[in-house]
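Accompanying notes for the structure given below.
The values are calculated or read from the model by the stated rules, or taken from the named source; none is laboratory data. Fair warning: this is a prediction, and the values are worked out from it, not measured in the lab. Virtual Cβ from ideal backbone geometry, glycine too; neighbours counted across all protein chains shown. Heavy atoms of the whole protein, side chains included, go into the accessibility calculation; ligands, DNA and RNA do not. Shrake-Rupley method; radii C 1.70, N 1.55, O 1.52, S 1.80 Å.
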Amino acid sequence: MSAVPIEDVVRDIRELPALPSVVLELIETFDKPEVDIATLADKISRDQALAAKTLRLANSSFYGLSAKVKTVNQAIVVLGFDSVRALVSAGGIIDHFQGGGGPVDATLFWRHAIATALCSRHLARATRQNQDHAFIAGLLHDIGELVLATRFSAPYQQALDLAARSDCGLLKAEQEVLGIDHQRVGLVLAQAWRFPDMIGRAIAHHHAPQHEDLGRLPAIVHVADAIVDALDLLGNESTLVPQLQDNVWDSLALEPAQLRAVFRDTELQFEEACQILAP
């Protein structure tokens with residue numbers, strides 16, 4: 001077994017087909033206080049596939065609007081630019097990886113990612129944090145798995161086999177076989193796409209948030225990842241619920257009623273979101 005140098009991972013990420021230009025432009029605005037919303041709305045509208053997917057999501061139970069949204073501009077007025085940006089970015093990223101997963105089942109991968117995105121968004125709402133950043137961080141928390149599985153499929157299959165055979169956990173198996181794990185790869189990709197640092201931290205530490213991340217976005221994604229597997233939304237009996245760190249759970253200070261609402265809304269919206277977003 002030989003390690004995969006981080007330089008090779010970075011090179012392969014750079015060689016991935018580029019995201020749609022409008023998605024890259026949207027990602028670059030996540031941390032910008034002033035954005036040319038009119039120009040970006042026009043660019044989104046010109047991409048018919050992204051615009052259609054965005055409008056389907058805007059009109060789904062995801063937002064529960066009382067009147068139907070018919071245009072991207074109308075969606076921005078009703079939902080706000082931040083929400084539309086998150087929806088368009090999510091749709092563009094999922095489409096970007098369509099058609100490949102190597103030894104990873106791409107359909108199951110994205111269903112888990114979408115469930116975690118939904119749960120992260122609802123946890124962010126309950127804790128009064130940025131719901132759109134939480135949605136994107138939840139969606140991309142395991143993206144490093146897909147990169148490793150598609151770019152280094154043979155050694156990644158070895159890592160999956162090792163994890164299943166020894167019950168050592170996927171992170172440890174990835175480190176043992178490839179010398180790098182999917183959290184680190186996900187961070188490299190988030191940095192290459194110029195996501196805000198906090199989204200990168202959530203991806204890089206979703207299995208074990210750092211002390212400075214308690215009560216923040218990485219803690220939300222960590223908890224959402226565990227909740228989604230505990231709810232068994234994928235119906236996969238072999239799925240192991242990730243270890244939930246007590247201090248991370250405590251840092252969110254969720255009331256029982258808030259937690260029940262998170263469970264309910266995640267379950268109610270899951271299948272519809274998958275029908276719209278999943279490959």
Linear extension gain, residue 212 paired with residue 46, 0.36 nm per residue minus alpha-carbon span: 55.6 nm
Protein-only accessible surface order, largest first, of 116, 39 at 1.4 Å: 39, 116
Å² of accessible area per residue within the chain, as computed with a 1.4 Å probe and no ligands counted: 46
In sequence order, calculated HN-Hα J values of the range 8-25 (Karplus, 6.51, -1.76, 1.60; Hz; x Gly/Pro): 5, 5, 4, 4, 5, 5, 5, 8, 4, x, 5, 5, x, 4, 5, 5, 4, 5
Area accessible to solvent at residue 63, 1.4 Å probe radius, in Å²: 50
With every protein chain in place, the chain: carbon and sulfur % of accessible area (1.4 Å): 48
Two-site label geometry, residue 78 and residue 249: point separation in nm, points 7 Å out along Cα→Cβ: 3.9
The range 199-226 residues near the modelled residue 191 label - backbone nitrogen below 12 Å, point 7 Å along Cα→Cβ: 200-201, 204
Sparse-neighbourhood loop sites, GluC sites (Glu not before Pro) in the range 19-49 - DSSP loop, at most 13 other Cβ within 10 angstrom: 34
Amide H within-cut-off set for residue 278, under 5 Å, with H built and near neighbours excluded: none
Three-way shape label, the range 32-117, alpha-carbon gyration tensor, a/c 1.5: prolate
